[in-house]
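Input: a single structure, listed below in structure tokens.
The values are calculated or read from the model by the stated rules, or taken from the named source; none is laboratory data. Only a predicted model underlies this, so the values are computations on that prediction, with no experimental measurement involved. Positions of Cβ are backbone-derived with ideal geometry, glycine not excepted, and every protein chain shown enters the neighbour counts. Just the protein is used for accessible areas: all its heavy atoms, side chains included, with ligands, DNA and RNA removed. Shrake-Rupley method; radii C 1.70, N 1.55, O 1.52, S 1.80 Å.
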Amino acid sequence: MKEMKTTYDPKSFEDAIYARWLKKGAFRAKIDPQKVPFTVMMPPPNITGQLHMGHAMDETMQDIIVRFKRMQGYSVLWQPGTDHASLATEHKIVEKLREEGTTKEELGREEFLRRAYAWKEQYGGRIVEQLKKLGCSCDWDRLAFTMDERCSRAVREAFFRLYDKGLIYRGSRIINWCPDCKTALSDEEVAYSEDAGSFWYFNYPVEGSEEVITIATTRPETMLGDTAVAVHPDDARYKHLIGKTLILPIVGRKIPVVADEYVDPEFGTGAVKITPAHDPNDFEVGLRHSLPMIRVLGDDGKVNAEGGKYAGFDRYEARKRIVAEMEELGLLVKIEAHTHNVGHCHRCNSTIEPIVSKQWFVKMAPLAKPAIDAVMKNKTKFTPDRFAKIYYNWLENIRDWCISRQLWWGHRIPVWYCEDCGAEICSREDPAVCPKCGSAHLKQDEDCLDTWFSSALWPFSTLGWPEETPEYKYFYPTDVLVTGYDIIPFWVMRMMFSGLRYTGKVPFRDVLIHGLVRDEKGRKMSKTLGNGVDPLEVIEKYGADSLRLSLVTGVAPGNDTRYTETKVESSRNFINKIWNAARFVLMNAKDVQVPADLTGIKLTPADRWIISRLMATVREVTISLQKYDLGIAADKLTAFVWDDFCDWYIELSKPALYGGDPERKRAALGVLMYVLKETLKLLHPFAPFVTEEIYGYLPGTEGEIINARYPRYNSKFAYREEAKAFEGVIGLIKAVRAMKVSVNCPPAKKVHLYLVTDARRLISVNKNSILRLAGASEIDFVERGAAAGEKTVSQVTEIAHIFIPLGELVNIEEERARLTKELDRVIGEIARADGKLSNKNFTTKAPKKLVDDEYAKRDKYLEMKKKIEQQLESL
RNA sequence: GGGGGCGUAGCUCAGUUGGUUAGAGCGCUUGCUUGACAUGCAAGAGGUCGCAGAUUCGAGUUCUGCCGUUCCCACCA
């Protein structure tokens with residue numbers, strides 16, 4: 001057998017272990033009627049993407065859940081894939097073309113797409129390799145892509161069904177336009193920020209009068225498209241002007257003054273310029289008053305022909321010039337500084353222009369309702385449940401979804417227009433001729449679909465829907481979706497209404513929401529700030545297991561967390577700890593095999609204690625994982641491994657290992673190995689690599705830990721009473737250690753213990769361990785402390801009153817101080833217990849067990865008090 | 001304007017359905033080359049759980065109000 005290295009060195013085995021899992025097909029999902037399926041859909045990362053800390057946490061959480069379920073015996077499918085990320089990818093390629101001195105228009109659609117696919121081939125697999133580094137156990141054989149044949153077919157079907165029912169329509173509406181990406185965006189793709197701007201006050205002259213009306217605007221260039229000025233119908237200042245005509249300066253257009261409730265008389269001047277083609281509110285006003293819509297900005301963000309002499313100027317240049325001209329005309333009243341919320345493109349951060357434009361929309365109201373109901377009825381549950389509220393909030397206020405994008409990289413809208421009769425055709429298959437007039441002159445819509453239209457189908461499109469494939473029947477609906485709260489509006493909500501609409505079922509039963517990984521100072525990690533930490537570098541330095549553990553420990557569901565290297569170090573230290581614990585066990589084991597179970601091993605109280613603790617840990621970890629409390633599960637495991645197993649049990653086992661009694665040694669090794677093996681299994685979902693590596697060193701284990709059965713709680717091994725009694729031994733050892741420290745006794749100096757106790761049997765059985773761990777030379781049972789001599793230190797514990805004669809080592813004053821402090825504490829406890837017990841309400845209303853416990857506690861403390869007082873006296 | 005989150009040890013954070021003496025990691029103090037591990041061991045110090053009320057036998061935990069902080073949505077041109 002190979003020797004384990006002295007320190008944990010993840011680089012020496014992680015890649016090899018991953019390769020072995022792949023080779024053995026350990027991640028492969030199988031349709032097995034004997035098993036219960038468990039399905040998780042990986043949120044498909046963008047093909048443009050690189051693994052960042054947010055992914056690392058998201059994927060780690062999924063891998064933990066998936067490995068746990070796999071070990072529990074479920075037939076697990078963790079479906080991986082990538083997203084074509086229409087806008088993000090096209091943006092990147094366009095940028096590259098610009099560097100090459102060309103444009104997509106110059107290349108043409110066909111050549112552009114060829115380039116895009118080439119780009120995808122080159123970079124699209126990058127993130128997949130990075131996920132492997134992290135240890136993700138997804139079924140790579142089923143790797144999907146949102147633009148592959150399966151997914152494309154599902155997109156076509158979904159579009160057709162909605163179109164067929166009138167839920168997809170084409171219309172001219174105000175949409176969010178990004179002049180840089182030159183495409184429409186959905187409301188969700190616009191991010192608002194408080195930007196510093198100005199408020200320009202302009203005078204518009206009233207026709208046939210000396211009067212003017214003062215309006216205020218934040219976007220002067222839009223005045224070119226003004227078709228009215230609105231005032232509040234009850235506003236006394238303007239009442240007489242309603243119905244009058246204004247001369248729009250610069251342009252010279254005659255525009256009416258209209259009355260509309262929308263105007264807030266308190267804000268600005270109480271008079272609002274109305275530009276129906278460039279503002280959502282103005283658009284509504286325009287509709288109410290049948291105002292003309294004049295678009296003055298082109299798709300490139302430049303003033304168009306409607307802008308007269310300003311045609312061709314960029315929107316900001318036009319703004320400057322228009323303000324200057326207004327000033328020259330004496331119509332500029334004032335300029336105020338004004339911060340206001342400005343929309344920015346989610347992708348390129350350019351300022352969004354609201355523009356009226358002909359686009360495709362999904363009617364949301366009929367889709368939102370079932371999606372709300374499904375969560376209300378608990379068909380899908382959010383964890384933590386507060387996110388359900390956020391979900392409702394989104395769906396209740398949702399507006400129709402603009403799904404067309406003026407992009408080439410994506411799913412082209414499956415609608416054709418007949419050039420002869422003008423018919424609009426949407427069909428499942430590409431039409432050859434117009435079904436209305438038979439003409440062959442058909443032209444497909446130029447636009448692509450919003451990426452999220454295809455992502456919304458992910459839970460079932462990857463399984464072959466609309467076909468009733470065996471996969472679809474077995475693995476759908478999925479079990480849990482893991483994602484960040486920032487993705488709820490983009491994706492979770494859209495998968496919900498899509499799933500319900502197309503499959504009649506919720507796409508997942510649970511939604512586990514997590515927070516963001518922030519930097520050490522609590523800031524969002526971002527490219528512009530340059531504060532992002534590359535998970536791959538962390539893996540390189542500390543190993544994937546350390547990174548994984550550090551991303552889930554001490555994290556509460558749904559809360560943001562800060563990444564610090566210190567946390568990774570702590571996790572690494574922990575893993576090193578278990579590495580060395582294993583090394584210790586194996587060094588002593590030699591030819592001993594891991595026992596299959598505990599039957600046939602003669603157990604000591606210490607053995608029963610650690611087994612009891614193991615069982616408690618199995619239960620706690622299992623329950624926590626089932627509730628998706630990964631942080632709690634990790635904490636419980638860490639505490640068990642480090643405190644109980646390493647710091648106590650291994651030390652307790654040493655007398656048996658070194659004592660020379662082969663039978664006892666074998667028994668101790670049996671327990672050590674059994675507990676170690678079970679612990680590795682418990683830990684495997686969190687730290688898959690190191691547990692698999694150590695598992696491979698254990699003699700007598702077969703196969704891989706990834707396929708091992710997750711430990712199950714067995715009440716037979718709970719040993720409740722015995723474990724509790726043994727805690728008394730631990731208390732005794734801790735007390736002796738503390739006593740030695742308190743009187744400055746060197747740790748190496750062995751002390752003689754005199755014990756007044758009822759637990760002689762328990763102590764005798766564990767004598768060797770107590771001597772070793774407490775640093776004692778001898779234990780004597782006595783009736784009274786006086787037997788220990790005149791100068792002693794003493795301490796009362798659960799199971800014994802300890803006396804140690806320390807001769808010259810005793811510092812009387814320090815000892816007196818220590819005892820006095822202890823006495824104060826005990827008196828405080830008695831007062832607390834008395835207070836509770838003298839309260840009739842407590843004794844009558846609280847559960848009996850609590851009251852009894854309180855009595856027992858008070859008696860114990862009274863006893864301790866008496867002993868401490870005696871001791872103080874004797875000093 | 002609407003809706004969340006957070007406020008607990010010096011720092012970063014946990015804290016299950018209300019129930020022993022409120023926990024962890026890091027940092028700090030003291031001691032230790034204890035036959036796995038100094039990426040370690042032992043013993044400690046450190047908290048009016050943001051403030052004020054309420055409910056309860058009992059509140060870090062439930063309710064109300066307030067203060068601070070932060071995020072999301074909506075938005076007045």
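Summary table below
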item	result
Options A:GLU429, A:GLU396; residue that is more than 32 Å from the chain's Cα centre (by Cα), of a type in the set (Asp, Glu) and surrounded by fewer than 13 Cβ atoms within 10 Å (Cβ to Cβ)	A:GLU429
Among (1) more than 8 Å from RNA strand B (Cβ to nearest atom); (2) surrounded by fewer than 17 Cβ atoms within 10 Å (Cβ to Cβ), the one test that A:ILE611 misses	(2)
All helices (runs of 4 or more DSSP H) inside segment A:81-182 with 3 or more residues being over 25 Å from A:CYS426 (Cβ atoms)	A:86-99, A:104-107, A:109-123, A:126-134
Segments classed as helices (runs of 4 or more DSSP H), wholly inside segment A:683-765, with at least 2 members that are in contact with a helix residue (DSSP H, G or I) (Cβ under 7 Å, 6 or more places away or on another chain) and within 30 Å of A:ARG20 (Cα to Cα)	A:688-697
Residues that are in contact (Cβ under 8 Å) with a residue 60 or more places away in the chain, within 14 Å of A:ALA277 (Cβ to Cβ) and surrounded by 13 or more Cβ atoms within 10 Å (Cβ to Cβ), drawn from segment A:290-342	A:LEU291, A:MET293, A:ILE294, A:ARG295, A:VAL296, A:LEU297, A:ASP299, A:VAL303, A:GLU306, A:GLY307, A:ARG315
A:ALA29 being at pLDDT 95 or above and either part of a strand (DSSP E or B) or closer than 27 Å to A:GLN593 by Cβ (or both)	no
Residue selected from segment A:130-156 under the condition out of contact with any Gly (no Cβ under 8 Å at 6 or more places or on another chain) and hydroxyl-bearing (Ser, Thr, Tyr), by the criterion surrounded by the most Cβ atoms within 10 Å (Cβ to Cβ)	A:SER137
Conditions (1) over 25 Å from A:GLY554 (Cα atoms); (2) out of contact with any Leu (no Cβ under 7 Å at 6 or more places or on another chain); (3) not hydrophobic (A, V, I, L, M, F, W, C): number failed by A:ARG613	(1)
Residue identified as in contact with a Ser or Thr (Cβ under 6 Å, 6 or more places away or on another chain) and at pLDDT below 95 among A:LYS750, A:LYS740	A:LYS750
For A:LEU185: the one exception among (1) within 16 Å of RNA strand B (Cβ to nearest atom); (2) within 25 Å of A:ARG405 (Cβ to Cβ); (3) open to solvent by 10 Å² or more (accessible area, probe 1.4 Å)	(3)
Residue in segment A:634-649 that is open to solvent by 40 Å² or more (accessible area, probe 1.4 Å), over 28 Å from the mean Cα position of the chain (by Cα) and over 30 Å from A:LYS381 (Cα atoms) present	yes
Subset of segment A:520-534 [out of contact with any Lys or Arg (no Cβ under 7 Å at 6 or more places or on another chain) and within 11 Å of RNA strand B (Cβ to nearest atom)]	A:LYS521, A:ARG523
Elements of type strands (runs of 3 or more DSSP E) contained in segment A:235-313, each with 1 or more residues being in contact with a helix residue (DSSP H, G or I) (Cβ under 8 Å, 6 or more places away or on another chain) and on the phi < 0 side of the Ramachandran plot	A:254-259, A:271-274
Residue in segment A:222-237 that is within 44 Å of the chain's Cα centre (by Cα) and among the β-branched types (Val, Ile, Thr) present	yes
Any chance A:PHE112 is closer than 20 Å to A:SER455 by Cα, at pLDDT 95 or above and of a type in the set (Phe, Trp, Tyr)	no
Residue within segment A:560-568 that is touching a residue at least 60 places away in the same chain (Cβ under 8 Å) and more than 13 Å from A:MET53 (Cα to Cα) present	no
Unique match (being touching a helix residue (DSSP H, G or I) at 6+ places or on another chain (Cβ under 9 Å), under 19 Å from A:TRP140 (Cα atoms) and open to solvent by less than 20 Å² (accessible area, probe 1.4 Å)) among A:PHE497, A:PHE460, A:PHE508	A:PHE460
Residue check, A:VAL736 more than 30 Å from A:LEU698 (Cβ to Cβ) and open to solvent by less than 80 Å² (accessible area, probe 1.4 Å)	yes
Test for A:ARG784: is it open to solvent by 60 Å² or more (accessible area, probe 1.4 Å), away from RNA strand B (no atom under 13 Å from the Cβ) and either modelled with pLDDT of 80 or more or within 27 Å of A:PHE726 (Cβ to Cβ) (or both)	yes
Residue selected from segment A:835-865 under the condition more than 9 Å from RNA strand B (Cβ to nearest atom) and touching a helix residue (DSSP H, G or I) at 6+ places or on another chain (Cβ under 7 Å), by the criterion nearest to A:THR757 (Cα to Cα)	A:MET864
Selection status of A:SER570, under 18 Å from A:GLU520 (Cβ atoms), over 13 Å from the mean Cα position of the chain (by Cα) and surrounded by 18 or more Cβ atoms within 10 Å (Cβ to Cβ)	no
In segment A:244-263, residue farthest from RNA strand B (Cβ to nearest atom) [restricted to those that are out of contact with any strand residue (DSSP E or B) (no Cβ under 7 Å at 6 or more places or on another chain) and within 24 Å of A:ARG319 (Cβ to Cβ)]	A:GLY252
Only listed residue being surrounded by 15 or more Cβ atoms within 10 Å (Cβ to Cβ) and more than 17 Å from A:ARG737 (Cβ to Cβ), chosen from A:LYS860, A:LYS849	A:LYS860
